[in-house]
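J.: Following this message is one structure expressed as structure tokens.
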Amino acid sequence: MRTFIDRIMHEEADGYSSDNSDCSMDSMDSVLNACVCTSSLGTNSRYRKTQAVSAHVVASNPDFGILFDVDGVLARGSTPLEPAKRAMEKLKDSNGHLRVPVAFVTNACNRSHDKARQIGNWFDLEVSPDQVIHAPTPAKLLRDLHDKHTLVIGQEHRLDIGADLGFENCCTIDDVKEAYPLLDMVDHENRKVVARGQYKENPDFPRVEAILLIGEPTHWESNLQLLIDLLLTQGKPTEAPTDVHAVPQIPVIACNMDLVFMAEACMFGHGAFLVCLEALYKKITGKDLEYTSLVGKPCEITYRFAEHTIVKIAKRMGINKPIKRLYFFGDNPHVDIVGANLYDRYIKQNALNLANGNESDGSTSSTDSSGLPSSRVIPANADLHDQTVEHCYSMLVGTGVYKAGTEMNKKGPDGKVIYHGHRDIAHEPHLTQPHKFVHDVHDGIDYIFEREALLSA
Ligand SMILES: [Mg+2]
């Protein structure tokens, strides 16, 4: 089987290559792309592009896929944006089917079939649930944890979502609270119940073996109390720990690290809850809370899962060539764009590893091959289509969080850039620079059509 590097070399020999010379398609792009370009393999002549446009692409058998963030790109809340309607029409064939493999990647947390139905209705499209990737969706790849008794933190449909991800034995914070009524004394109503003796403990409640944080809960104070109790007792809070500093930590998975999100105003996101949990854990134990896995944008695992999804959809469409390029449309430079640029770097690092004799084929990754923190490593046993994409292009639109001309890396009073990202994702301001800024997603589709020599239907 040909390796990833072999494929790149073969295509260059055929007169095609597709790395960063496209970054200079116009002067604005040149500025925007400077940092992104220099972070890739551009200095290696074997990867250097020889022409800007891949003219071999035909409409019936494209070798690229398109990924869309939803809110701010395709819609605002529950209302689809007009440019998105026109963009989707442009992507349809004469039968109303999409001509290019497409998937939707959102950091929201909901049931995929609900979102698929909503997107389908917006654009008069057939959208299957597996085309929608929510923040928790890549947790499907964490198969080693699926048989654990797992506490799922979130709000509506959290047990359905946990089961859909493959977790076979889930419970909620209400189950924990009911089993251990003496723990939640931040709830004064519960205090009164306990004071009246109107409670019954259940010491046989199974040990919580893993914690899956899929979204911010209601009643943060009670959730924080009980989560800390579980973390300090290895999931079995029947006895107080003798030394909180020496307790091994049970696995914790966090989905969606967004500190805030934009609606009518700046709203707390799931990341705000994580900051509280991390701060309490550190204050009490002196140790950093360790995440077994972080999923959701901007983490690499979400984009790797998105590539897998695009390949699956391409096969379903009858496309019989490897997918080489992904275009990712997002409205949030710090989430969508950083993530797409991180993934572009990840796949190029994997290619470099292969060139240096690493056995990895890029479909699986380890800390050694990718250099990622353990919380961002893609499991080696993940059941994924081969990784064939060579470039992930970040496409920033101006219809959501980002407004053209605004400073993307604002500084605080001390002169340092204010960083809202997660602790396990190093702050690299240049990663907020997109491959291409477009006014809206329709303009972005025009750009792709021109770049890929794809004709309008
Ligand atoms: Mg968005």
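J.: Say R0 is 35 Å: what FRET efficiency, to the nearest 0.05, do GLU201 and LYS287 get from their beta-carbon distance?
T.: 0.75
J.: Can you give the Rg and Dmax of region 54-178 based on its C-alpha atoms, in angstrom?
T.: Every Cα atom of region 54-178 included, Rg and Dmax give 17.7, 63 Å.
J.: Give the residues of region 149-164 whose amide nitrogen is closer than 13 Å to a point set 7 Å from the Cα of ARG111 in the direction of its Cβ.
T.: Under cut-off, by backbone N: 156-164.
J.: Still on this model: Tell me, what is the FRET efficiency for HIS385 and HIS439 to the nearest 0.05, using R0 = 22 angstrom and their Cβ-Cβ distance as r? Write out the running numbers ahead of the final one.
T.: Numbers: r = 33 Å, r/R0 = 1.52.
Taking R0 as 22 Å, the efficiency between HIS385 and HIS439 is 0.05.
J.: Fewest first, what order do LYS148, LYS416 take by the number of other Cβ atoms within 10 Å? Before the final figure, lay out each step's value.
T.: Numbers: LYS148 21, LYS416 9.
With the fewest neighbours first, LYS148, LYS416 line up as LYS416, LYS148.
J.: Related question: Once you put a point 7 Å from the Cα of GLU89 and another 7 Å from the Cα of ASP144, both along the Cβ direction, what distance in nm separates them?
T.: 5.1 nm
J.: Could you calculate the FRET efficiency of HIS157 with GLU178 from 1/(1 + (r/R0)^6), where r is the beta carbon distance between them and R0 is 22 Å, rounded to 0.05? Provide the component values of the computation, followed by the final result.
T.: Details: r = 20 Å, r/R0 = 0.92.
Efficiency for this residue pair is about 0.65.
J.: Among TYR447, TYR291, TYR199, which comes first, then next, by fewest other beta-carbon atoms within 10 Å?
T.: Placing the least packed residue first, the sequence is TYR199, TYR447, TYR291.
J.: If you project the alpha carbons of region 387-457 onto the principal axes, what extent comes out on each, in Å, largest first?
T.: Projected onto the principal axes, the Cα atoms of region 387-457 cover 53, 32, 15 Å.
J.: I've got another one for you. Around ASP331, what is the net charge, scoring Lys/Arg as +1 and Asp/Glu as -1 over all other residues with Cβ under 14 Å from its Cβ?
T.: Result for the local shell: -2.
J.: How far apart, in nanometres, would the label points at LYS315 and ASN169 be if each is projected 7 angstrom from Cα along the Cα-to-Cβ direction?
T.: According to this spin-label approximation, the distance is 3.2 nm.
J.: Quick check: from the Cα gyration tensor, does region 136-268 come out rounded (a/c under 1.5), prolate or oblate?
T.: Numbers: a/c = 1.73, a/b = 1.27, b/c = 1.36.
Because a/c hits 1.5 or more and a/b fails to exceed b/c, region 136-268 counts as oblate.
J.: Continuing with the same structure: Can you list the lysines whose alpha carbon sits under 23 Å from that of LYS140, skipping same-chain ones fewer than 8 residues off?
T.: Cα-Cα hits under 23 Å: LYS115, LYS148, LYS297, LYS312, LYS315.
J.: Which far-off residues, 5 or more places away or on another chain, put their amide H under 5 Å from the one on ILE133, with H placed in the peptide plane?
T.: PHE104, VAL105, THR106
J.: Next question. With no solvent and one equal point scatterer placed on each C-alpha of region 170-243, evaluate the Debye formula and give log10 I(q)/I(0) for q = 0.13, 0.25, 0.26, 0.27 Å⁻¹, two decimals.
T.: Treating every Cα as an identical point scatterer, log10 I(q)/I(0) equals -0.37, -1.31, -1.39, -1.45.
J.: For q values of 0.12, 0.18, 0.23 Å⁻¹, compute log₁₀ I(q)/I(0) with the Debye formula on a Cα-only model of region 231-312, without solvent.
T.: -0.50, -0.87, -1.09
J.: Which whole-angstrom value gives the distance between the alpha carbon centres of region 154-172 and region 269-341?
T.: Rounded to whole Å, the Cα centres lie 19 Å apart.
J.: Quick check: Cα centre of region 109-132 to Cα centre of region 206-223, how many Å?
T.: Spelled out, the Cα-based centre of one part sits 27 Å from the other.
J.: Only counting other Cβ atoms within 10 Å, I'd like LYS192, LYS236, LYS436 sorted with the fewest neighbours first.
T.: Values: LYS192 10, LYS236 16, LYS436 24.
The fewest-first ordering by Cβ neighbours comes to LYS192, LYS236, LYS436.
Throughout, read-outs are computed from the coordinates displayed, never taken from laboratory work. The structure presented is a predicted model; accordingly, all values stated were derived computationally and were not measured. Cβ sites come from the backbone with ideal geometry, for glycine too, and all protein chains shown count toward neighbours.
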